Every structure is written in C-alpha cells, then in structure tokens.
1. Would you check which residues across region 1-18 are modelled with pLDDT under 95, more than 12 Å from THR82 (Cβ to Cβ) and touching a helix residue (DSSP H, G or I) at 6+ places or on another chain (Cβ under 9 Å) and list them?
2. For region 17-51, give me each residue that is touching a Phe, Trp or Tyr at 6+ places or on another chain (Cβ under 9 Å) and open to solvent by 30 Å² or more (accessible area, probe 1.4 Å).
3. Return the residue satisfying two criteria in turn: it lies in region 2-12 and is part of a loop (DSSP other than H, G, I, E, B) and within 12 Å of the chain's Cα centre (by Cα), and of such residues it is surrounded by the most Cβ atoms within 10 Å (Cβ to Cβ).
4. Return the residues of region 52-107 that are of a type in the set (Ser, Thr, Tyr) and buried (at least 20 other Cβ atoms within 10 Å of the Cβ); say none if nothing qualifies.
5. Looking at region 13-103, what strands (runs of 3 or more DSSP E) fall wholly within it and have at least 2 residues that are free of Cβ contacts under 8 Å to residues at least 40 places away in the same chain, over 17 Å from GLU1 (Cα atoms) and among the hydrophobic types (A, V, I, L, M, F, W, C)?
Amino acid sequence: EFELNNLRVQGLIDTGATTVALNESTARRAGIRLSPADFVYPVQTANGTVMGARAVIDKVRVGSVRVRQVEALVLEDRALNTVLIGMSFLNRLRSFSYENGTLVLKR
C-alpha cells in the first residue's frame, strides 16, 4: 500500500520503471489535474501504444518513507490498472535493497 498525496492506493515497486506511473483516474483521485492536451508522450505498454502526461506528485509515501515532488507519468486508464513506484521515487532515497525477502528503503 502506498500514499499519493493523501490517497491510499495499492501498487508495485518497479525498479524497471523510470518514473512513478499511474492511470488517469487514480491521478484525478489524488488531486492531480490534467487536461487532454497534456497527453502528448507516446508510451509503449503490453497493451500497445498509449499517450501519457507528465506530472508531479506532491507527496509519495511508502511505509514510513515520504518523498515530496516526485515526477510521474500519467497514462490513459486502459493502459495501467495499478500504480508503479519507479525510479523517480527510488532515486530520491539514500538507498534501497532487498534483504532476506524484504525490500528495505532508507531515506
């Protein structure tokens, strides 16, 4: 479970994702306002090419770790059904590692 701004969501940590990625409906519920004109970036997904929009999430929380002003990519709803916490969040940490079956995040 993660928190985007003050919205609790389910998702995955994805070290292969360049940024935090979320769909348009989740972004709207988290208070991120975009217009159709913002969706100008073509993105290849398993479901084909969709359009994405760049955004900044004021606060991302994973467990007790909080990071402010995290870059994100918002995709059309049909392209993504979960939130991916990618490297735009993870690179802001002091370190992250996988130890004894547990992901350890250090701010």
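The values are calculated or read from the model by the stated rules, or taken from the named source; none is laboratory data. Since this is a predicted model, take the numbers as computed values, not measurements. Neighbour counts run over all protein chains shown; Cβ positions are idealised from the backbone, glycine included. Calculation scope for accessible area: heavy atoms of the full protein, side chains included, ligands and nucleic acids excluded. Shrake-Rupley method; radii C 1.70, N 1.55, O 1.52, S 1.80 Å.
1. THR15, GLY16, THR18
2. Residues of region 17-51 that are touching a Phe, Trp or Tyr at 6+ places or on another chain (Cβ under 9 Å), as a first pass: 19-20, 24, 50-51.
If the condition is that a residue be touching a Phe, Trp or Tyr at 6+ places or on another chain (Cβ under 9 Å) and open to solvent by 30 Å² or more (accessible area, probe 1.4 Å), then THR19, GLU24, MET51 are the ones that fit.
3. Filtering region 2-12 for residues that are part of a loop (DSSP other than H, G, I, E, B) and within 12 Å of the chain's Cα centre (by Cα), the one surrounded by the most Cβ atoms within 10 Å (Cβ to Cβ) comes out as ASN5.
4. Here is the first cut: in region 52-107, the residues of a type in the set (Ser, Thr, Tyr) are 64, 82, 88, 95, 97-98, 102.
Selection gives SER88 alone.
5. Details: elements: 20-23, 41-45, 48-62, 65-75, 83-85, 95-99.
Where strands (runs of 3 or more DSSP E) fall fully within region 13-103 and carry at least 2 residues being free of Cβ contacts under 8 Å to residues at least 40 places away in the same chain, over 17 Å from GLU1 (Cα atoms) and among the hydrophobic types (A, V, I, L, M, F, W, C), they are 48-62.
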